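The next block holds one structure in the form of structure tokens; read it before the comments.
The values are calculated or read from the model by the stated rules, or taken from the named source; none is laboratory data. Here the structure is a predicted model, which is why all the values come from computation and not from measurement. Reconstructed Cβ throughout: ideal geometry from the backbone, glycine too, with neighbour counts over all protein chains shown.
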Amino acid sequence: MALVVLGIAVVNFFLLHLAPGDAAQVLAGEAGSATPEYMAALRRQFGLDQPLPVQFVQYLGNLLTFNLGFSFRHGLPVLELIGQRLPATLLLMTASIGFAVLAGSALGVVAARNAGRLADTLISTLALLFYATPVFWIGLVLVVVFSVGLDWLPVGGMTSVEAGYGGWDHVKDVARHLVLPAATLGLFYLAIYTRLMRAAMLEVTTQDFVRTAVAKGLKPRRIALRHVLRNALLPVVTMLGVQVGSILGGAVLVETIFAWPGLGRLAFEALFQRDLNLLLGILLCSSAVVVVVNLAVDLLYTVLDPRIELAR
Amino acid sequence: MTASSPVLEVEDLSIRFQERGRSLLAVRNLSFQVARGETLAIVGESGCGKSITALALLGLVPPPGRAEGKAIRLEGRNLLGLGPEALRDVRGRRIAMVFQEPMTTLNPVLTIGEQIVETIRDHEPASRREARDRALTLLERVHIPDPVRRFGEHPHRLSGGMRQRVVIAMALACNPAVLVADEPTTALDVTIQAQILDLIDELKQGGMGVVLITHDLGVVAGHAERVLVMYAGRKVEERAAADLFATPLHPYTRGLIAARPRRRVEGGERPRLVEIPGTVPSLAAMPPGCAFAPRCASATEDCTAAEPPLTSLEDGQVACLRVGDFLAPSHSLPHARLA
Amino acid sequence: MSIAQSVLPAAEERPVRRGLFARLLRRPSPVAGLVLLGAILAMAALADVAYPVDPLDMVGTPFLWPGADPDFPLGTDMMGRDIAAGIFHGARVSLLIGGVATLVSLVIGVGVGAIAGFFRGRADHALMHVTELFQTIPPFLFAIVIVAILQPTMTNVVLAIGLTSWPSLARLVRAEVLRLRDGEMVQASIVLGLSDARIILTHVLPNVLAPIVVSASIMVASAILTESSLAFLGLGDPNIVSWGSMVGAGREVLRTDWYVATVPGLAIVAAVLALNLLGDGLNDALDPRQNRR
């Protein structure tokens, strides 16, 4: 894990130097937006006159002290900016993944229990369609239908600023704003979890221990929940870890469409202001989120699967 | 029901597989009985229909298969035609099953205790505590050391032999009248095999009937009272175990015994390890007449003409046209005489 | 199931092993995938014939709804560009970028996987760390940064997608190669003294072809998705028309003229769906376990 974190730093350093022009210009955002004094300070701080290995060590030193540089466009340190935007993204991620896993698992179970019948065909076709539909297009269609057409849900943003809600009303307001972005981001993963759960259920059902449970005369409900579902959840949890990175990527699209004030939207802004250093900072922090989530998933897995202790 | 009446009675059981417009019989017109405290071994090569028979006893024939025939009578009650809920109630409570692979028959994510307790609680109105106490007693009965610790452990921490003991404890959870054991020792080491078989012998002292399914005649000797030999879905011989080993009648039975390594038959030549030539015919391509004829050294033209009927003997049954020849004085069979 | 198999297969003499294509055509969904993909390939091939004018040129009245003018069956956008022309030319761009990016991915993924699996030990260790690294960095974000730094040209978009989508393939190939490596065929080749490169190319990779082919079709699908997403964000090559950029442009008039964004989106769905259906079908047809059924 430590090696991976170091690797991410190397990749970032490499990208920084790949950008056209002097790295100091990149670090300062677009040329001209920073003061000459700051540029000189940057050059000194990053030792841009030094050989590359020395520069790298200094870059690492900065990372270790959580110094990701300064965004002149926003007038704030990069780390502070990211800190402001991260919670919104985490909320969006949790909501969409929660929706995808719960609804996807449920649909997968229904499909598996009706394998080969109409319900299965319908669910599987739907999953196939969602799996093939670009996230941004789902977002636009949902906006057309639910915001423009039916006027049920807000078009974008995270809160109704003018309303100035407090307390419980604020929570409800955010929830209303969350529905469409979470559904947009979640539908693609819903398709994945539906397919995964369907396959896992069918696979687990053929296992010997399920036959044992039937032979023991257990109640069908207990067999389904305790023996089949519990084991079928294992690949779902594994998939969760694999997909964090991809969800963070999808967040860029969804937050852009729905003006959701998270990391993805910040990345989009940085992209258009050519604030490359901010963009790299976001890439670094997103990778860190992936690392942390994967650690959590590993932990969850040890709880769900007692055999894991052997592998460790 | 008297003490001598059989606890399990199978009458004219057939198992049919119907798929893509074809209908194949995996088991044909099988009848047998098991008395209390008795072990009946069902023997044959793989593909002869013995495992599917075991599943049929619990109403577990997987689709597209179907059990049909007169009756599978457990303690006088016919299981054929019972609804799913009634069948579920009988399974695990009155008739229980032990499978071949102790490595895969236990759920890897549940503790051993949980898997025994759930069996009890799905059949009887026992409290958590009662169920737990009974599970611990069961673990003791199958000689698992330190049952309290094992109770809370997951299956992967146990050896194969220990797991099979757990599976047996699970099967005994509700004191079933019949235990069906499908190749219970095949996946285990030889020394462990004997321990598990001894354990089953010990447990049936309480009056439980046992159906022991195996391909290994070595497992049968000393652990079964009677032996039923199946070939291509049909019973070809059923005799008391001692008689069957002393004077096997059906050429297939003799083949199985000859193919069994070790041991010397009293008064006979030292048997060589002889494989029965050929393989079990596929259900779709049954030879005419006796299914064993193509592999049988004693087969005559008559054998391929019609299927030999099951003939009753003094101590059992056999289905072979030439059984009269085998009963000739040179073979000298004191017990087995055509009835 | 297992019992039915133990009873029945012996009963069934398998007819002569049919060809891959015949097996593909046995099921409806890969057939649907092939038909759809064929249609899109035809659009890409015929783009210059059917719509010889640059699809970025203004050719009609802006905001013609689909069906309003028979000359523009799919309508025109806010700049008076023919949407149908954009779909045809966009097919070419999507397939080209998806295909070439997948090729880049295949070269990296198969190379890394084969070397790691075949040589094991230190090479495996190092390469798997690199793979893990690339799996940790969010791929789409990574692609955005690469394109942003290198400038949005078609080549850079291809590179960005190719560079960020190989890790799972590398793992798959590695696992297969590890399995094959201990097989008799490879062991025999080693005994015969064949060179490592020769063994990998002639004895290992051909046997890993089936899973690679399946992955490739799915990878083209997701490359098309990634390309359209980049273009939607404005990170596509500004000189070419792409389905994603068409949706992105249509977003501005979403409230009133939602068809501008919707129609090219349907084209993306069709292309990705076709490749996924084909991938699933290939998976079934190539899976030896499936053949027994």
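Some points to look at:
- Any pair with Cβ under 7 angstrom, 6 or more apart, that starts in segment C:208-219 at a residue that is farther than 21 Å from residue C:186 by Cβ and ends at one that is outside any helix (DSSP H, G or I): C:219/C:165
- Tally of residues being within 19 Å of residue B:37 (Cα to Cα), touching a Gly at 6+ places or on another chain (Cβ under 6 Å) and assigned to a helix (DSSP H, G or I) across segment B:166-212: 1
- Restricting attention to segment B:151-161, the residues that are surrounded by fewer than 21 Cβ atoms within 10 Å (Cβ to Cβ) and under 16 Å from residue B:99 (Cβ atoms) total 3.
- Flag if residue B:321 is crowded, with 17+ Cβ neighbours inside 10 Å and either in contact with a helix residue (DSSP H, G or I) (Cβ under 8 Å, 6 or more places away or on another chain) or at pLDDT below 85 (or both): yes
- Within segment B:291-320, residues that are of a type in the set (S, T, N, Q) have Cβ atoms under 8 Å from residues that are part of a strand (DSSP E or B) and surrounded by fewer than 16 Cβ atoms within 10 Å (Cβ to Cβ) in these pairs: B:311/B:338, counting only partners at least 6 apart in sequence or on another chain.
- Qualifying positions in segment C:54-105 - at pLDDT below 80 and outside any loop (DSSP other than H, G, I, E, B): C:76, C:82, C:83, C:84, C:85
- Residue C:235 vs. criteria modelled with pLDDT of 80 or more and either among the basic types (Lys, Arg) or part of a helix (DSSP H, G or I) (or both): no
- Residues in segment B:116-128 that are farther than 21 Å from residue B:145 by Cα, in a helix (DSSP H, G or I) and free of Cβ contacts under 8 Å to residues at least 24 places away in the same chain: B:118, B:121, B:128.
- Those residues of segment A:253-301 which are small (Gly, Ala, Ser), within 19 Å of residue A:6 (Cβ to Cβ) and surrounded by 23 or more Cβ atoms within 10 Å (Cβ to Cβ), in sequence order: A:281, A:286, A:287
- Selection from segment B:45-95 of residues that are more than 17 Å from residue B:30 (Cβ to Cβ) and in contact with an Asp or Glu (Cβ under 6 Å, 6 or more places away or on another chain): B:64
- Residue, nearest to the other protein chains (Cβ to nearest Cβ), within segment A:118-132, restricted to residues that are more than 21 Å from the chain's Cα centre (by Cα), surrounded by 15 or more Cβ atoms within 10 Å (Cβ to Cβ) and of a type outside the set (A, V, I, L, M): A:124
- Apart from one condition, residue B:136 fits all of (1) within 26 Å of the chain's Cα centre (by Cα); (2) more than 14 Å from chain A (Cβ to nearest Cβ); (3) in a helix (DSSP H, G or I); the exception is (1).
- Residues of segment A:251-280 satisfying the condition of being at the interface with another protein chain (Cβ under 10 Å from one of its Cβ atoms) and of a type in the set (Lys, Arg): A:274
- For segment B:183-227, a residue qualifies if it is at pLDDT below 85 and among the hydroxyl-bearing types (Ser, Thr, Tyr), and the qualifying residues are B:185, B:186, B:191.
- The lone exception for residue B:168 - which of (1) within 13 Å of another protein chain (Cβ to nearest Cβ); (2) in contact with a helix residue (DSSP H, G or I) (Cβ under 6 Å, 6 or more places away or on another chain); (3) modelled with pLDDT under 90 it fails: (2)
- Among (1) over 15 Å from residue A:90 (Cα atoms); (2) part of a loop (DSSP other than H, G, I, E, B); (3) touching a residue at least 40 places away in the same chain (Cβ under 8 Å) - the single one residue A:306 does not satisfy: (3)
- Residue C:245 more than 8 Å from every other protein chain (Cβ to nearest Cβ), at pLDDT below 90 and surrounded by 22 or more Cβ atoms within 10 Å (Cβ to Cβ): yes
- Helices (runs of 4 or more DSSP H) within segment A:133-243 that include 1 or more residues within 14 Å of chain B (Cβ to nearest Cβ): A:167-205, A:208-215
- Residue A:155 meets each of the listed conditions (1) surrounded by fewer than 22 Cβ atoms within 10 Å (Cβ to Cβ); (2) free of Cβ contacts under 8 Å to residues at least 60 places away in the same chain; (3) not hydroxyl-bearing (Ser, Thr, Tyr) apart from (2).
- Applying the condition of being of a type in the set (Val, Ile, Thr) and more than 12 Å from chain A (Cβ to nearest Cβ) to segment C:109-160 and asking which residue is farthest from residue C:201 (Cα to Cα) yields C:153.
- Taking the criterion of being within 30 Å of residue C:204 (Cα to Cα), in contact with an Asp or Glu (Cβ under 9 Å, 6 or more places away or on another chain) and not hydrophobic (A, V, I, L, M, F, W, C), the residues of segment C:76-128 that qualify are C:98, C:113, C:117.
- Criterion: closer than 12 Å to residue C:165 by Cβ and surrounded by fewer than 20 Cβ atoms within 10 Å (Cβ to Cβ) - qualifying residue of C:103, C:133, C:96: C:103
- Only a single item in (1) more than 15 Å from residue B:182 (Cβ to Cβ); (2) free of Cβ contacts under 8 Å to residues at least 40 places away in the same chain; (3) within 10 Å of chain C (Cβ to nearest Cβ) is not met by residue B:19, and it is number (2).
- Taking the criterion of being away from chain C (no Cβ under 14 Å), surrounded by 13 or more Cβ atoms within 10 Å (Cβ to Cβ) and in a loop (DSSP other than H, G, I, E, B), the residues of segment B:284-299 that qualify are B:289, B:290, B:292, B:296, B:298, B:299.
- Within segment C:248-274, the residues that satisfy the criterion of being of a type in the set (Gly, Ala, Ser) and either touching a residue at least 24 places away in the same chain (Cβ under 8 Å) or at the interface with another protein chain (Cβ under 7 Å from one of its Cβ atoms) (or both) are C:249, C:250, C:261, C:265, C:267, C:270, C:271, C:274.
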